[in-house]
1. Suppose we filter 159, 182 for residues that are touching a Leu at 6+ places or on another chain (Cβ under 9 Å) and either of a type in the set (Gly, Ala, Ser) or closer than 30 Å to residue 287 by Cα (or both); which single one remains?
2. Identify, please: which residue in the stretch 127-163 is farther than 18 Å from residue 193 by Cα and of a type in the set (Gly, Ala, Ser) and is, among those, nearest to the chain's Cα centre (by Cα)?
3. Given the stretch 235-303, what helices (runs of 4 or more DSSP H) lie entirely inside it while holding 2 or more residues that are buried (at least 21 other Cβ atoms within 10 Å of the Cβ) and of a type in the set (A, V, I, L, M, F, W, C)?
4. Touching a residue at least 40 places away in the same chain (Cβ under 8 Å), closer than 30 Å to residue 251 by Cα, among the basic types (Lys, Arg) and crowded, with 17+ Cβ neighbours inside 10 Å - does that describe any residue in the stretch 111-120?
5. Which condition from (1) part of a helix (DSSP H, G or I); (2) within 20 Å of residue 267 (Cα to Cα) is the one that residue 107 breaks?
6. Please go through the stretch 344-379 and give me each residue that is in a loop (DSSP other than H, G, I, E, B), farther than 20 Å from residue 291 by Cβ, touching a strand residue (DSSP E or B) at 6+ places or on another chain (Cβ under 7 Å) and in contact (Cβ under 8 Å) with a residue 60 or more places away in the chain, ordered by number.
7. Looking for something over 30 Å from residue 171 (Cα atoms), surrounded by fewer than 22 Cβ atoms within 10 Å (Cβ to Cβ), over 19 Å from the mean Cα position of the chain (by Cα) and modelled with pLDDT under 95 - is there at least one such residue anywhere in the stretch 307-317?
8. In this structure, is residue 155 modelled with pLDDT of 95 or more, small (Gly, Ala, Ser) and either part of a loop (DSSP other than H, G, I, E, B) or surrounded by fewer than 20 Cβ atoms within 10 Å (Cβ to Cβ) (or both)?
Amino acid sequence: MAVVAKAVMAADREAADMERLLVQPRPDHAAKLEAIGLSFHGWDDYWCEEVCYRFSAAEIDLLEARTAELHAMCIEAVAHVIRNRRLGELGIPAAYWQAIETSFAAREFSLYGRFDLAYDGKSEPKLLEYNADTPTSLLESAVAQWYWMTEKFPGHDQFNSLHERLVARWKQTRSEDGRIYFASLAGNEEDWVCVHYLMDTARQAGFDVRHIDVEKLGWHAGLGMFVDENDKPIHTLFKLYPWEWMMREEFGPMTVGCRTRFIEPVWKSVLSCKAILPILWELYPGHPNLLPAFFEPGRLASYARKPFFSREGANIVLVEEGKVIAEDDGPYGREQCIYQQLHRLPDFDGCYPVIGSWIVGDQPAGICLREDALLVTTNMSHFVPHYIE
């Protein structure tokens, strides 16, 4: 993997616009994906290398700059929410407000996040949402698509410095005993793969790493901290388990003031809530990379209705001039919702891509693309690699 560089271009050719291209898959791509640990690549044709997206260096520069700007705006939005006592508007229980304020004031260590952007290569990218707490697709973004590019388009480049930045970012944190536990739900293969890739990056940064199922986390009242299945103290815990779920678990209140340090920190719960979108629009009305968004219905004739805490497109409803044009089922139907101006994804050969733009620490670190034949991007969408022309 390499830090983003300008693409190698023929002297007599101008930079290409963003384009969806048909390409020949590598004949042994399945074996190569499994060799790096991407075990679920064949599920519903998740990994798709029959096509790819080509970007110009100028488009990548734009995406990188806008991602950095959006991240800075989001940090200011967290400060605004805390300063103006608005955490309750985001559906966050009052028992966690002080912990969030303390965590943010200390700027407790944050590892990564992923912006979902609508972008067609011609207009300004638009923020759809921010996966700030538990984004997955890391192994395929950092490693799988990089190896694909080196084989299919040698001599070109890719917006992909994820691996190096993750290792470097881990080196900026600490653990009292030099160990980091990584927790994910038992039986969830996608989460297991993502967590084990992150374990490898932390190991390369010098940490002892251990995996634990979320269901096996214990609590030791005398120590005031979480423990593993052998009652060993957990000083530092990366959890691929959303804060909004933790806050509603029986053990949720134990996270407040405990001696276990969490990655992501509790202040990231503010950004993982889609209610941050109306807050951003209040703070930056008319910003070219934001879509109008509101807490109240009736402000927009065409909109995406999004539950505060939905994931992978679940329970999102798209309405155009009063008519439902797309919706996805899921378990979040009773959540509070926000209303974001409808912005149709660009149509590339009947497919609709969403760009995932990664942040590691405070730095843009690369992109990934997921595309679908439907307007709502879900966990059934295809992952498609890219390169820079």
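The values are calculated or read from the model by the stated rules, or taken from the named source; none is laboratory data. Fair warning: this is a prediction, and the values are worked out from it, not measured in the lab. For neighbour counting, all protein chains shown are included, and Cβ atoms are generated from backbone atoms with ideal geometry for every residue, glycine included.
1. Values: 182 fails: either of a type in the set (Gly, Ala, Ser) or closer than 30 Å to residue 287 by Cα (or both).
Criteria check complete, one pass: 159.
2. Among them, the one singled out is 132.
3. On the way: elements: 243-246, 268-271, 276-283.
Counting at least 2 such residues, we get 268-271, 276-283.
4. Among the residues of the stretch 111-120, at least one is touching a residue at least 40 places away in the same chain (Cβ under 8 Å), closer than 30 Å to residue 251 by Cα, among the basic types (Lys, Arg) and crowded, with 17+ Cβ neighbours inside 10 Å, which makes the answer yes.
5. The one condition residue 107 does not meet is (1).
6. The initial filter retains those residues of the stretch 344-379 that are in a loop (DSSP other than H, G, I, E, B), namely 344-347, 349-350, 361-362, 373-379.
Of the ones still in play, those that are also farther than 20 Å from residue 291 by Cβ are 349-350, 361-362, 373, 379.
Next, only the ones that are touching a strand residue (DSSP E or B) at 6+ places or on another chain (Cβ under 7 Å) stay: 349, 373.
The answer is 349, and nothing else.
7. yes
8. Details: modelled with pLDDT of 95 or more: no; small (Gly, Ala, Ser): yes; either part of a loop (DSSP other than H, G, I, E, B) or surrounded by fewer than 20 Cβ atoms within 10 Å (Cβ to Cβ) (or both): yes.
No; evaluated as a whole, the condition is false for this residue.
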